[in-house]
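**Student:** I'd like to ask you about the structure that follows.
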Amino acid sequence: MIPIQYSAEVAAARDTGGPIVALESTIITHGMPFPQNVETARIVEQDVRDHGATPATIAVLNGTLHIGLEPDQLNTLGQAENVAKLSRADMAACIATGGTGATTVAATMIAAHLAGIHVFATGGIGGVHRGAEDSFDISADLQELAQTPVTVVAAGAKAILDLPKTFEVLETLGVPVIAYGQDMLPAFWSAQSDMVAPLRMDDATQIAKAQQIRTAMGLKGGQLVTNPIPQKDEIPAATLAPIIDQALDEADAQNISAKAVTPFLLGRIFELTDGRSLTANIALVRNNARLAAQIAIAMGK
Ligand code: PSU
Ligand code: MN
């Protein structure tokens, strides 16, 4: 009933029960400019392989849900225009109408779960936007973490968001938020925020076990693993703060709303940092892919 296509390497991993790491595609189509988007997607897939797991980049292409993209499909998607940005609300409609869309964190979690994949690596999750008290703009990623049993490895929530409110909502929704290897929550482009993480774990085996126990207890939902960007690649929060403020002011002045907000802000911050935000973004995604591979291997044991 659901038109699903597995890439050759994902099909092979499924046959042998090997560890698989899901990767999203909105970061490719809406999060980074071409050609760095395609280059990064390839490098991140290779990072997963180098750490002993199989990458499954997820997207909807012409009405088919792809779990794993062949190299030419990735290349085409990375240059395509007007690709939809899919979340829980619109993924089924995109498939039904034969459309093409990139999957956000929420949609990638749904697809990963359908395919029996338990771990997913991305850059940063969506969350509560600043000014959400007026706009009501809260990413569907948060609700998805509360209901779909996939462990998501991210460098926290994107620092363009209202981070304290984002973590309050996650707590309300009962989502475990685990900082990997440090006490504080990371802040996407920066390794440290000023918020203490609700949970801390220092090895992949514990993280895998926590998800398995959660599921065994009948608790719905996944976990958010916040993995700090390596220090050498980070942009200090103080350097970024005025740049984020400027991008937010411009988004306001130009009435950017709904799904366009996050891509607009990421694009402006890229310009205002002369590309430094992208370099950091690539480094943190790669770092997350490596940890996700370790967790996927631990889950298989
Ligand atoms: N991580 C990145 N860059 C991105 C995203 C994640 O490093 O562009 C995407 C994810 O797909 C996430 C989405 O789900 O941004 C959040 O969008 P929104 O705020 O509209 O929910
Ligand atoms: Mn939104």
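**Student:** Would you calculate, for the chain, the mean residue ellipticity at 222 nm contributed by helices, counting each DSSP H stretch of 4 or more residues as -39,500 (n - 2.57) and dividing by all residues, to the nearest 500? Numbers along the way, then the final one.
**Tutor:** On the way: 12 runs with 137 residues, N = 301.
Per the formula, -14000 deg cm²/dmol.
**Student:** In whole Hz and in residue order, list the ³J(HN,Hα) couplings for segment 284-290 that follow from phi through the Karplus curve 6.51 cos²θ - 1.76 cosθ + 1.60, θ = phi - 60°; x for Gly and Pro.
**Tutor:** Values, residue by residue: 6, 5, 4, 4, 6, 4, 5 Hz.
**Student:** Which one, T172, T103, T26, has the greatest fluctuation when you compute a Gaussian network model over the chain with C-alpha springs under 10 angstrom?
**Tutor:** Largest GNM mean-square fluctuation: T172.
**Student:** Still on this model: For the chain, with a Gaussian network of springs between Cα atoms less than 10 Å apart, report the residue from G78, G123, G156 with the top mean-square fluctuation.
**Tutor:** It is G78.
**Student:** Given a 1.4 Å probe and every protein chain left where it sits, what share in percent of the accessible area of the chain is carbon and sulfur? Intermediate results must be reported in sequence, preceding the final value.
**Tutor:** Working: 6840 of 12700 Å².
C and S atoms contribute 54 percent here.
**Student:** Restricting to bridges with both residues inside the chain, how much of the DSSP beta-bridge set is antiparallel, in percent to the nearest 5? Show your work: numbers first, answer last.
**Tutor:** Working: 10 of 37 bridges.
Expressed as a percentage, antiparallel bridges in the chain total about 25.
**Student:** If you count the DSSP beta bridges with both ends in segment 49-199, what percent of them are antiparallel, to the nearest 5?
**Tutor:** Numbers: 10 of 18 bridges.
In segment 49-199, DSSP labels about 55 percent of beta bridges as antiparallel.
**Student:** On to the next question. For A22, enumerate residues with amide H under 5 Å from its amide H, sequence gap 5+ or separate chain, H modeled in the peptide plane.
**Tutor:** Result for A22 returns A56, V119, F120, A121.
**Student:** Pull up all non-local amide H partners of E234: gap of 5 or more, or a different chain, and H-to-H distance under 5 Å with H placed in the peptide plane.
**Tutor:** none
**Student:** Still on this structure, I have one more. What fraction, in whole percent, of alpha-carbon pairs in segment 14-111 exceed 24 Å separation?
**Tutor:** Values: 797 of 4753 pairs.
Tail of P(r) above 24 Å: 17 percent of Cα pairs.
**Student:** Still on this structure, please answer the following. With point charges of +1 on the Cβ of Lys and Arg and -1 on the Cβ of Asp and Glu, referenced to the Cα centre of the chain, which listed residue (Q192, T166, L114) lies farthest in the positive direction of the dipole?
**Tutor:** The residue sitting most towards the positive pole is L114.
**Student:** Relative contact order (percent) for the chain, with alpha-carbon contacts under 8 angstrom and 6 or more residues of separation?
**Tutor:** Details: 628 pairs, mean separation 60.5, N = 301.
Worked out over the chain, it gives 20 percent.
**Student:** Just to be sure I understand: of the beta bridges DSSP finds with both ends in segment 14-120, what percent are antiparallel, rounded to 5?
**Tutor:** 40 percent
**Student:** With a 1.4 Å probe and every protein chain left in place, work out the accessible area per residue of segment 4-300 in Å², rounded to a whole number.
**Tutor:** Numbers: 12140 Å² over 297 residues.
Accessible area per residue, segment 4-300: 41 Å².
**Student:** I need the phi-derived Karplus couplings for segment 291-301: 6.51 cos²θ - 1.76 cosθ + 1.60, θ = phi - 60°, integer Hz, Gly and Pro marked x.
**Tutor:** 5, 4, 4, 4, 5, 4, 5, 5, 5, x, 8
**Student:** Considering amide H positions built from the backbone, and no H for Pro or chain starts, which residues 5 or more places from A59, or on another chain, come under 5 Å of its amide H?
**Tutor:** H66, G68
**Student:** At q = 0.10, 0.13 Å⁻¹, what is the base-10 log of I(q)/I(0) for segment 147-301 according to the Debye formula with one equal point scatterer per Cα and no solvent? Please give it to two decimals.
**Tutor:** -0.38, -0.63
**Student:** Separate question: Straight-line reach from K220: which lysines fall under 24 Å, measuring Cα to Cα and dropping same-chain residues less than 8 apart?
**Tutor:** Straight-line reach from K220, under 24 Å: K165, K209, K301.
**Student:** Given the peptides 144-151, 247-254, 287-294, arrange them by the average over their residues of other C-beta atoms within 10 Å, most packed first.
**Tutor:** Numbers: 144-151: 22.0, 247-254: 15.1, 287-294: 24.5.
Final packing ranking: 287-294, 144-151, 247-254.
**Student:** A further question follows. Rank D245, D134, D50 by mean-square fluctuation in a GNM of the chain with C-alpha springs under 10 angstrom and give only the top-ranked residue.
**Tutor:** So, out of D245, D134, D50, the one fluctuating most is D134.
**Student:** In straight Cα distance, which lysines are under 18 Å from K85, not counting same-chain residues fewer than 8 positions off?
**Tutor:** K158, K259
**Student:** Here's something else I'd like to know. What are the ³J(HN,Hα) values, in whole Hz, obtained from phi via the Karplus relation 6.51 cos²θ - 1.76 cosθ + 1.60 with θ = phi - 60°, for each residue of segment 257-271 in sequence order, with x given for Gly and Pro?
**Tutor:** Karplus values, whole Hz, x for Gly and Pro: 9, 6, 5, 7, 4, 4, x, 4, 5, 4, x, 5, 5, 4, 5.
**Student:** State log₁₀ I(q)/I(0) for the chain at q = 0.10, 0.11, 0.13, 0.15 Å⁻¹ as given by the Debye formula over alpha-carbon point scatterers of equal weight, solvent excluded.
**Tutor:** Result of the Debye calculation: -0.48, -0.58, -0.84, -1.16.
**Student:** Report, in debye and to the nearest 20, how large the dipole of the chain comes out about its Cα centre when Lys and Arg carry +1 and Asp and Glu carry -1 on their Cβ.
**Tutor:** Values: 19 positive and 31 negative charges, 172 e Å.
Computed charge dipole of the chain: roughly 820 debye.
The values are calculated or read from the model by the stated rules, or taken from the named source; none is laboratory data. Here the structure is a predicted model, which is why all the values come from computation and not from measurement. Please note: Cβ atoms are built from the backbone with ideal geometry, for glycine as well, and neighbour counts cover all protein chains shown. For the accessible areas, the whole protein counts, side chains as well, though only heavy atoms, and no ligand, DNA or RNA atoms are used. Shrake-Rupley method; radii C 1.70, N 1.55, O 1.52, S 1.80 Å.
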